[in-house]
1. Go through region 230-239 residue by residue and tally those that are closer than 17 Å to GLY165 by Cβ and either in contact with a helix residue (DSSP H, G or I) (Cβ under 7 Å, 6 or more places away or on another chain) or surrounded by 15 or more Cβ atoms within 10 Å (Cβ to Cβ) (or both).
2. Scan region 141-176 for residues that are under 27 Å from ARG21 (Cα atoms) and in a loop (DSSP other than H, G, I, E, B) and jot them down.
3. If you check ARG115, ARG148, ARG90, which single one turns out to be over 30 Å from THR222 (Cβ atoms) and in contact (Cβ under 8 Å) with a residue 12 or more places away in the chain?
4. Open to solvent by less than 20 Å² (accessible area, probe 1.4 Å) and either under 30 Å from VAL187 (Cα atoms) or not in a helix (DSSP H, G or I) (or both): is that true of SER262 in this structure?
5. Mind checking which residues of region 312-337 are buried (at least 20 other Cβ atoms within 10 Å of the Cβ), assigned to a loop (DSSP other than H, G, I, E, B) and of a type in the set (S, T, N, Q)?
6. Identify, by number, the condition in (1) assigned to a loop (DSSP other than H, G, I, E, B); (2) of a type in the set (A, V, I, L, M, F, W, C); (3) closer than 16 Å to LEU192 by Cβ; (4) open to solvent by less than 50 Å² (accessible area, probe 1.4 Å) that ALA359 doesn't meet.
7. I'd like to verify a number: residues in region 2-49 that are open to solvent by 40 Å² or more (accessible area, probe 1.4 Å) and not in a strand (DSSP E or B), how many?
8. With the structure loaded, tell me whether ARG236 is free of Cβ contacts under 8 Å to residues at least 60 places away in the same chain, touching a Phe, Trp or Tyr at 6+ places or on another chain (Cβ under 9 Å) and part of a helix (DSSP H, G or I) or whether it fails that test.
Amino acid sequence: MQLRYSFRLYPTPGQVQALARTFGCARVVYNDALRARETARAAGLPFPKTGDLSKLLITEAKKTPERVWLGEVSAVVLQQSLRDLDTAYRNFFDGLKGKRPRMGPPRYKSKRDSRQSVRFTANARWAIAPGGKLRLPKIGDVDVRWSRRLPSTPSTVTVIRDSSGRYFASFVVETGPEPALAQTERVIGIDLGLTHFAVLSDGTKIASPRLLRRAEKRLKKTQRDLSCKKKGSNNRAKARLEVARAHAWVADARRAFHQQLSTRLIREDQAVAVEDLAVKGLARTRLAKSVHDAGWSAFVAMLEYKAARYGRTLLRIGRFEPTSRVCSACGVKDGPKPLDVRKWTCTSCGTVHDRDVNAAVNVAKAAGPAVSARGAQVRPGSVPAPRGEAGTHPKITPTGA
């Protein structure tokens, strides 16, 4: 199983300049290779191979006055930039063939892109120094805030600079499967919403943190300050950084909320059932800001990979199931109800229902036959952990490998 662990980096001012130089060189090689392939396509010629591009745009380019500065960074980073372009083209063509969701063709990178990254493989001879710092070629020993031990020796490390100016080291490690959690008979249904982020079939209601709404006052101030700054000025760059930091706070807090809730549900329940919501459609309505603030898709994605990793079962119920219209007590379909109706009484059996709890119970019931038919998952699957899974706490040392 391949897992990804992410940790915060704190480079010195000199290392920041070296990283900026590395980001820039990787970006130039990527753009040069993209231009060469687009030129060949326009001329009706076959795409240049990666080996030929490597020789022309890296080895030979270092000997020219225009690209001599490519020799100031690790050659492995430049090679990985060409491989990234190959991946981008492969994903684009696979989308045209229907093998994956469609995506646009590769585009040119800019130094103004909000996210910059470079990847070091084992050939680059990077290492974790005895003092716990990350040793990168032609950059130096960078301070790392370790949040957990790495389960094995990493194969690659990706250094990332996000839009708010923070640096992260993302490690890919090979490890064995996690031991399956103790089995339980509990099957839970989840009704995701806006008034409450999640309502469980056992009646538990989890309040929505509404992090974007809570941060709106600060966001408005930072965005107003940004609009007053002259374009291209240093003050505008500083104001843009403040806006990015405000948004990063919201994203980090939302991710932490999702991580804690998804971990709790996976640990306590053998099977978790959720409704497959049309998030893209809801995001085009007047509720768009609240829908994006909730982050349902990211939460369900966390449930999915954690269920596969720890031997649990996640079931998606079709979005057209009438979970809010059916009485969970007698099963009679009682007709559509406006959104402002939060409680209703079944006309058949007289049971008074909370709309959200009733929907969650119906989601759990719809998942019941599927769980019985396929059985509970007992072996964890090989699902990579997302980049943002790890936190950042000092004074925790990495593995001794």
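1. Residues in region 230-239 being closer than 17 Å to GLY165 by Cβ and either in contact with a helix residue (DSSP H, G or I) (Cβ under 7 Å, 6 or more places away or on another chain) or surrounded by 15 or more Cβ atoms within 10 Å (Cβ to Cβ) (or both): 2 in total.
2. Passing the criteria: TRP146, PRO154, SER155, ASP162, SER163, SER164, GLY165, ARG166.
3. ARG148
4. yes
5. Listed by number, the residues that qualify are THR323, SER328.
6. With (1) assigned to a loop (DSSP other than H, G, I, E, B); (2) of a type in the set (A, V, I, L, M, F, W, C); (3) closer than 16 Å to LEU192 by Cβ; (4) open to solvent by less than 50 Å² (accessible area, probe 1.4 Å) applied to ALA359, the lone miss is (1).
7. Count: 19.
8. It is false that ARG236 is free of Cβ contacts under 8 Å to residues at least 60 places away in the same chain, touching a Phe, Trp or Tyr at 6+ places or on another chain (Cβ under 9 Å) and part of a helix (DSSP H, G or I).
The values are calculated or read from the model by the stated rules, or taken from the named source; none is laboratory data. None of the values given here were measured: they were computed from a predicted structure. Glycine also receives a Cβ, built like all others from the backbone with ideal geometry; neighbour counts cover every protein chain displayed. These accessible areas exclude ligands, DNA and RNA; they are computed on the full protein's heavy atoms, side chains included. Shrake-Rupley method; radii C 1.70, N 1.55, O 1.52, S 1.80 Å.
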